[in-house]
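A.B. asks: Structure incoming, see below.
Read-outs: derived from the displayed coordinates by stated rules, not from any lab. Everything numeric in this text was worked out from a predicted model, so none of it was measured. Every residue, glycine among them, receives a Cβ derived from its backbone with ideal geometry; neighbour counts consider all protein chains shown.
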């Protein structure tokens with residue numbers, strides 16, 4: 001249980017983090033706000049907060065931004081953005097969005113089941129269904145709401161959700177909202193999944209990810225599918241970081257392993273490889289029809305902006321028509337891995353376009369982040385609650401749009417700062 005923190009006359013920002021402000025002993029729900037803001041208002045000017053820095057350029061290989069201390073940084077090498085195929089700022093995608101803005105206006109101005117569905121939404125769902133080779137695809141306004149809506153729609157009290165312990169917050173929150181029984185198996189461990197499934201009866205859903213966003217490792221899908229099938233569990237595979245990137249045609253880790261028909265629910269997002277916003281559920285027509293009535297995060301949300309939907313549709317067309325984008329991405333990934341290995345940087349079990357740079361020092365990671373910024377590298381710190389305490393890290397994201405020169409410069413800056421600070425020897 002997190003520490004209860006009451007208002008103090010002063011506090012050292014290094015002695016606290018988000019977990020310190022989860023509980024309060026007061027009966028007033030607002031009582032936690034004062035001690036939290038006392039900490040927050042010290043942490044920001046003292047440099048212990050490097051989030052929500054305002055970028056003034058697209059998320060390309062280099063970016064301009066203003067950090068919280070009002071320092072302007074220009075032409076930073078960007079190794080933080082998810083823009084894996086460099087599609088968010090492609091001229092064709094921008095033009096598609098502009099045309100949709102002229103045709104539809106800015107927003108959908110309604111829930112998908114009421115007045116919010118437009119023909120461009122239906123076109124996007126149909127295109128995705130063809131791409132995924134599924135009966136139907138349902139689009140959600142965000143990736144987060146996709147898992148929350150899907151899981152809480154299907155599972156009920158008394159059912160069982162068995163999720164990987166590194167599952168995304170959206171999977172966890174969807175499980176909590178469903179009020180089903182929830183257990184977590186050890187990360188990527190089929191034997192522990194089997195142990196957990198043996199202890200359950202009734203309806204079961206196994207929730208896993210194709211690529212885990214904090215460690216950059218793939219799931220052992222064949223082994224996990226075999227265990228789930230053995231115990232009659234349905235399988236939800238979240239391919240947020242692997243859809244449009246993995247597989248011969250970019251359909252994800254399920255395609256890579258030839259298990260697309262063995263996975264019951266395919267989840268994906270538009271905010272990574274397609275450079276947009278939103279998410280989708282791909283599966284049977286029966287599932288689609290049921291979610292129309294029970295996926296509350298979609299039913300009670302405004303539909304995805306038609307401007308974004310049109311841009312995503314064009315990005316999907318480009319991803320399909322230009323497989324060389326994936327080839328370039330994986331070439332860049334191999335180059336980056338080699339350069340990091342040359343510098344002696346440990347990236348753990350990463351096999352994807354994501355490389356964790358482990359620091360394991362929650363106190364020092366912000367200081368290192370500032371040094372990286374000043375040296376010309378935009379690489380954000382990852383701390384609790386995104387990862388466990390004392391598992392802080394930087395997370396490198398590689399894109400097909402990175403040049404070799406940008407990757408070289410990024411690795412050189414990273415290695416130099418880590419070496420100067422004693423993280424690398």
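A.B. asks: Once you have the Kirkwood Rh of the range 283-404 from its Cα pairs, apply Stokes-Einstein at 20 °C and 1.002 mPa s and quote D in µm²/s.
C.D. replies: It comes out at roughly 119 µm²/s.
A.B. asks: In addition: Which of 196, 230, 179 moves the most in a Gaussian network model of the chain with Cα springs under 10 Å?
C.D. replies: Among 196, 230, 179, the largest mean-square fluctuation in the Gaussian network model of the chain belongs to 230.
A.B. asks: Next up: Among 231, 18, 246, what is the fewest-to-most ranking by other Cβ atoms within 10 Å?
C.D. replies: Listed from fewest to most nearby Cβ atoms, that is 18, 231, 246.
A.B. asks: First measure r as the distance between the Cβ atoms of residue 92 and residue 403, then evaluate 1/(1 + (r/R0)^6) with R0 = 22 Å and state the FRET efficiency to the nearest 0.05.
C.D. replies: Efficiency at R0 = 22 Å is approximately 0.60.
A.B. asks: Modelled label-to-label distance, residue 75 and residue 331, 7 Å Cα→beta-carbon offset: nm?
C.D. replies: For the pair residue 75/residue 331, the computed spacing is 2.5 nm.
A.B. asks: Testing the spin-label approximation: label points 7 Å from Cα along Cα→Cβ at residue 360 and residue 419. State their distance in nm.
C.D. replies: Each label point is offset 7 Å from its Cα along the Cβ direction, giving 2.2 nm.
A.B. asks: How much length would be gained if the chain were fully extended between residue 375 and residue 286, taking 0.36 nm per residue of separation minus their Cα-Cα distance, in nm to one decimal? If you can, show how the numbers build up before the last one.
C.D. replies: Details: separation 89, 0.36 × 89 = 32.04 nm, distance 5.37 nm.
So the extension gain works out to 26.7 nm.
A.B. asks: Test of understanding: in a Gaussian network model of the chain with alpha carbons linked when under 10 Å, which of 88, 213, 24 would top the mean-square fluctuation ranking?
C.D. replies: 24
A.B. asks: Cut-off 10 angstrom, C-alpha nodes, Gaussian network model of the chain. Which of 75, 98, 198 fluctuates the most?
C.D. replies: Looking only at 75, 98, 198, the largest GNM fluctuation is found for 198.
A.B. asks: Please report, in Å, the Rg and the Dmax of the range 347-425, where both are computed over Cα atoms only.
C.D. replies: 12.3, 34
A.B. asks: At 1.306 mPa s and 10 °C, plugging the Kirkwood radius over alpha-carbon pairs of the range 63-158 into Stokes-Einstein gives what diffusion coefficient in µm²/s?
C.D. replies: Details: Rh = 17.2 Å.
In µm²/s, the coefficient is 92.
A.B. asks: Still on this structure, please answer the following. Based only on other Cβ atoms within 10 Å, what is the fewest-to-most ordering of 161, 357, 365?
C.D. replies: The most exposed by this proxy come first: 365, 357, 161.
A.B. asks: Quick one: what do you get for the range 91-321 if you divide its Cα Rg by 2.2 N^0.38 Å?
C.D. replies: Normalised Cα radius of gyration, the range 91-321: 0.99.
A.B. asks: Let me ask another. For the chain, what is Rg from Cα atoms divided by 2.2 N^0.38 Å, rounded to two decimals?
C.D. replies: So the chain has a normalised radius of gyration of 1.00.
A.B. asks: Another question about this same structure. Note down the nm distance, to one decimal, between modelled labels 7 Å out along Cα→Cβ at residue 46 and at residue 195.
C.D. replies: Spacing of the two 7 Å Cα→Cβ label points: 4.1 nm.
A.B. asks: Calculate the length of the line joining the C-alpha centroid of the range 126-189 to that of the range 250-297, in whole Å.
C.D. replies: The distance from the Cα centre of the range 126-189 to that of the range 250-297 comes to 10 Å.
A.B. asks: Going by C-beta contacts inside 10 Å, put 394, 131, 22 in order with the fewest on the left.
C.D. replies: Going from sparsest to densest Cβ surroundings: 22, 131, 394.
A.B. asks: Here is a follow-up. Per residue of the chain, what 222 nm ellipticity follows from adding -39500 (n - 2.57) for every DSSP H run with n ≥ 4, rounded to the nearest 500?
C.D. replies: -11500 deg cm²/dmol
A.B. asks: Work out, step by step, the length gained on full extension between residue 56 and residue 113: first 0.36 nm times the residue separation, then minus their alpha carbon distance; give nm to one decimal.
C.D. replies: On the way: separation 57, 0.36 × 57 = 20.52 nm, distance 3.57 nm.
Gain in length upon complete extension: 17.0 nm.
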